[in-house]
1. Take the alpha-carbon centre of the range A:11-33, take the same for the range A:182-206, and report the distance between them in whole Å.
2. Just from its helices, what would the mean residue ellipticity at 222 nm be for the protein assembly as shown, if runs of 4 or more DSSP H residues each count -39500 (n - 2.57) and the sum is divided by every residue, rounded to the nearest 500 deg cm²/dmol?
3. If we count every other residue with Cβ under 14 angstrom of residue B:314's Cβ, Lys/Arg +1 and Asp/Glu -1, where does the sum land?
4. Roughly how tilted is helix A:172-189, in degrees to the nearest 10 and between 0 and 90, from the longest Cα axis of chain A?
5. Using only alpha carbon pairs under 8 Å that are at least six residues apart, calculate the relative contact order of chain B and give it in whole percent.
6. For residue B:143 and residue B:120 in one chain, what is 0.36 nm times their gap in residues minus the Cα-Cα distance, to one decimal in nm?
7. In Å, the Kirkwood hydrodynamic radius of the protein assembly as shown over pairs of distinct alpha carbons?
8. Which angle between 0 and 90 degrees, to the nearest 10, do you get for helix A:213-225 versus the longest principal axis of chain A when only C-alpha atoms count?
Amino acid sequence: MLEACGIGYRYRGKMWLFRDINMRIQPGEIVGLFGPSGSGKTTLAKVMAGYLRPVEGYIVVDGQTSTDRYPFLKRRKLSLTKEKKKGPNPVQLIWQHPENAVNPRWRMSKTLAEAGVTDRHLLHTLGIHDEWLIRRPHELSGGELQRFCLARSLGPQTKYLIADEMTTMLDALTQAQIWHALLHIVKQRQIGLLVISHDKHLLHRISDRLINLNALAAQSAAQSLD
Amino acid sequence: MSHLKRNIVTEDGERFSAGDVPLFKVEGLSLSFRRFQKRMRENDVCVIRNMDLTINAGEIVAIVGASGSGKSLLANAVLGLLPKNAVLGGSIYFQGEVLTPERLHQLRGKEMILIPQSVQALDPLMPSARQVQAVIRSEDKQAVQRDIFAKVGLPQEAGDLYPFELSGGMSRRVLASIAMASQAKLVIADEPTPGLDEKALQEVLEHIKLLAKQGRGMMFITHDISAALQIADQIAVFYAGETIELANVQDFEGRGGKLRHPYTRALWRSLPQNDFVPLAGSQPVAGEYPSGCAFHPRCPLATELCQQQIPELRQVSGGWVRCFYA
């Protein structure tokens, strides 16, 4: 289970973006998250995926906090950037703009190799053609590139996936293709999925349950008053 | 290409007829990029092949298509923002006259204006009110600008703020204000909606509607069909650099039975609020367009004819389609 326990975050010198957020994602569960722009959805995603260290609270992944998994973090107050010792993070994040998430000078095969993804069956399920592997990012469309980002994050160790506006920049047909492939994999491997989107229709279509980030924040604020 | 003739009443109550001469017309537009290869050999990569479009005054035409279908290139071609190695064919008409490079130079920014996708397009070193006033031709620039700010829901104090002090929503309103302040008859909005939450999205759509109500022709470029359907009068569907269908908004309903082109139908059915069914394959890349109809490798109706010939755009039940079997 991926758990957020009372997490809060604020950028230095700014107001609290959110505070005391509690959230749980079961393996194989698909949770939709929505909220107005600026409500902290992307920041929450980064905290959940270990890109940012929460200012308050902690993230528990299958019973382990990040400092259990990466003891050196206790000594050095760093975010999870150095993960070489224990392998990749079981929580992976997919970004909105795939062109900004891959090295523009590498061929796609190198991008996949860096993440240690060799599963040809996975590539096939995601609809990645073999001839795309020798291309560089600018030779692929946004939809094709996003498939590579998915493949890269779906290594064998991945237990939870956070998709932050993953298909917002894509047309409806490509969006449907990518979601169908991903939902198939997620179901098969019992991966917990957090979907962040503005598209209500999409969230209703794919999620098991929905979370409104604003309501969640208001709820925890009310509880702390009691 | 014929269009419904109709009378449009502008906000000021002024009546004018859309008449026979459309405000803006694209006919058989083609675009390729000339590339030099080894030993000075050159080859042309074709990105737009057969593009047709008409926009009347007061009308919103949404251009829908996947990325790479040539939507933004059309906007850039219209405004003359293409790189030097671009080779343009076909014709673009503005108010019935051919848009030559010289004429374009006079008209753009005055008669034709772009609402860019990114709010970073604002001048970072100029307060927002001055950026709006810069395009106003009348005497009392300040009064006009204040009036427009009130219309789009910007507080007057926002006029003194620099772009970095504005929130995302306010910057978008400033961009809309600039379009409103100008005398432009044709406004091109290039992907103004992705990544917006519901409230901001509705706001942007309202701005576009308001601009059309003032009697301007609107080209609304988007990949979001549901947003397009909310405000557009007509939907142009692009695929692999071609106009494949010109449909009316009412055609998008149910399971897409009224739509004429199999791609449009597939696109409509793939929406999460409809059937959410994907269609295998992907749009061909520029330069690798198949012979015949660009959609035939993915088309359930494709025959040998489709592999050999590019279908002409023809009129079918009140719309236009580029398919032999519509």
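The values are calculated or read from the model by the stated rules, or taken from the named source; none is laboratory data. Every value quoted in this text rests on a predicted model; they were computed, and no experiment measured them. For neighbour counting, all protein chains shown are included, and Cβ atoms are generated from backbone atoms with ideal geometry for every residue, glycine included. With ligands, DNA and RNA removed, areas are computed over all heavy atoms of the protein, side chains included. Shrake-Rupley method; radii C 1.70, N 1.55, O 1.52, S 1.80 Å.
1. So the separation of the two Cα centres works out to 17 Å.
2. About -8500 deg cm²/dmol.
3. -2
4. Value to nearest ten degrees: 70.
5. With pairs under 8 Å counted, the relative contact order is 20 percent.
6. Fully extending the segment from residue B:143 to residue B:120 adds 5.7 nm.
7. 25.6 Å
8. Helix A:213-225 sits roughly 20 degrees off the main axis of chain A.
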